[in-house]
Structures are given as structure tokens and as C-alpha cells.
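I have a structure I would like to understand better, so I am pasting it below and will then ask my questions one at a time.
The values are calculated or read from the model by the stated rules, or taken from the named source; none is laboratory data. Here the structure is a predicted model, which is why all the values come from computation and not from measurement. Note: ideal-geometry Cβ built from the backbone for every residue, glycine included; neighbour counts use all protein chains shown. Note: areas computed on protein heavy atoms with side chains; ligands, DNA, RNA excluded. Shrake-Rupley method; radii C 1.70, N 1.55, O 1.52, S 1.80 Å.
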Amino acid sequence: MAVQGHHPLLSQPPVADEVVVRQRIPRKSWKVGRLCHGKKVCAIAISGSTHHVYTCGHGYIRVWDESALHTWNKAPQAQLNFQDRHNCVLSCKLFPDEQSLITGGVSRTLTLWDLAPTPRIRAQLASAGPICYSLAISSNAQICLACFKGFVEIWDLQSQILIRKHEVPEYGSRCVDITGNKFWTGGEDTSLYSWDLRSCRKLQQYNLHHEILSIAHDPSEEWLLVGLRTSDVIILHTHRKEAFKAVIHKYVHHHNLKFATSGSYFVTTMDESIHCLSAPYLQRLFQEEESTEVLCCDVSSDNQYLVTGSRNCATVYQLLY
């Protein structure tokens, strides 16, 4: 990896055994249930406080309560239909307090949902682009970033006002994430960009040589994961000159990343494969295989459940320690 102003990539990170031993990390997973969404599940979220799951895709969102997680054919608790049945959610993010959800996708609006006591639309934010590919929320839930082809919208979630529409490279805008006062974008042009959140000045450019499919940060906002088309995972420090790589060598169509709230591990899905690795030392913890391509994933904030979305359903895994 050619990194502007940084040391070359280290493929073998140093493993601090005493740190790894202290961390609470899952050793395996147990498939416990299936949620029948009925259509392709393009985005998914699970709450750690209530264990409610939100499966999103074309035409509607389905809501599942905790009693459905250990079943195989239970009906959803609720179905939230879109006014325009052609709308499709491609990205969804739970707020840190898990009381709200924001969705975006094939629609010219971003939708804010209040989840309690029952899900309802709080507001719809008119966006400038036809397709929102990725969403990110700041840790204080004040800022939302929405990634469109060639630009990122920066929204104030409290006032629901668009702060700025910032142009980014047209082919470097598939995914977005935010860490502190920086935000990150990446896409087909194989470069990872970091930007100053206030001035939107470009800070750095990391040339990764392969298409970027996903970006995710750890809870401390010190480490950033980057998922590549080659299925490799880059983990780099957001401030120090450190970057490591997990090499898997498999060309993939779908690559999703999700850091656990504990910060000690993350899940990466690559087509039909699910891998769980420790962070930041990239030790492999367990692997699962599904029968169809995994399109999205999430880990509950209490680190008990992993959920994945695929062709017409979501799969629920219980994490075992």
C-alpha cells in the first residue's frame, strides 16, 4: 500500500499476547434463527438493548422482536411500508442510544425513524442525489454523513439542516465513515481519502490499489477497517503511522465490515463467507459459510448476536465466548 506520508503496510502485525488474553472475544457462533424478510435484505441493524432487528430493502422495513431471534418462521412484529414502493433502503444506522434509526438508498430522501414505543417517521431529509450508498453517524449523534456518487452530504441531525454538500472524487464515493473531526471516503478509484469535517479539506490519500467496498471504525475511533474487492482487510490507525493487512485472497462482489462495541473484534462478510477476527491483531476467531451471498451484517451492542442479510431473509447467530 502506498500511503502518502506514512510507513509502508505491515502484513504481519505484532501480536501482544497479554493484551489478547485479557480481551473478551467470541470463540465461535451458533446459528439460532432465521427472519423471513420476503425480499432481498440490503441493510440490517440490531439493537443491543431490546434485541430488535430491522431488516431493510425494497418497499418496506420489517421489525422483529427478541422472541423471533431463536425461531425459523415467526412473523415480524411490524412492517413499515414506504409511500413509494420503488424506494429501496441500501444503508441504515442505529443512533448510539438505539432509540432512533436513519435510512437511505434509492430515494431522494433520508428518513429519520423514532423506534420507541413503536417505529414511526420523525423526519425526511431531502437529498440532492438519487441513490445514497452509505451512511455514517458521529459518536455524539449530532452529525450524519450521506454518501452519493461524487459528493457527501453533511447533516445536522438536531436541527435537521444540511450543513454542506462536499464534492469528493466521483469514483471514490461508494462508502463513508466518520472518526472524531475526520471523515473518510472510498470506492472504485482504489484510494481511501480522509477529510477535515469542519473545512472539508483533504487531509490524506491512501492508495490501496484495489476497489474499496466498505469502511468501518472501532468504538475508540482509533482504528479504521477498509474492505477491498480482493477480500483483503486493511486496518489502519487514524492518527499514528500504523497499518496492517489480513490477506484472504478471494475476489468478492460484496464485502461488509462491522466492529463490535467492545473494540476487541470485528466481523467481515465476503459473499457467502463470514469471518470474525480480533482487533487490531487480526487473529482469526471463527468462520461461517452461508448458502447465498451475504449483503449486509450487524453485531448487537451487547456483543451477544450477529445478524446477516441475504437474498430473502436474515440469519441470526449467537456469539459464544
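Pairs needed: first member in region 72-90, on the phi > 0 side of the Ramachandran plot and open to solvent by 80 Å² or more (accessible area, probe 1.4 Å); second member anywhere, at pLDDT 95 or above and of a type in the set (Ser, Thr, Tyr); C-beta distance under 8 Å; at least 6 residues apart or different chains.
none
Next question, about the same structure. Against the condition open to solvent by less than 10 Å² (accessible area, probe 1.4 Å), of a type in the set (Ser, Thr, Tyr) and in contact (Cβ under 8 Å) with a residue 40 or more places away in the chain, how does Thr268 come out, does it pass?
Judged against the criteria, Thr268 is a match.
For region 245-259, how many residues are open to solvent by 20 Å² or more (accessible area, probe 1.4 Å), part of a loop (DSSP other than H, G, I, E, B) and touching a residue at least 24 places away in the same chain (Cβ under 8 Å)?
4
Enumerate the strands (runs of 3 or more DSSP E) found wholly within region 98-171, keeping only those where 3 or more residues are open to solvent by less than 60 Å² (accessible area, probe 1.4 Å).
Hits in region 98-171: 100-106, 109-114, 134-137, 143-148, 151-156.
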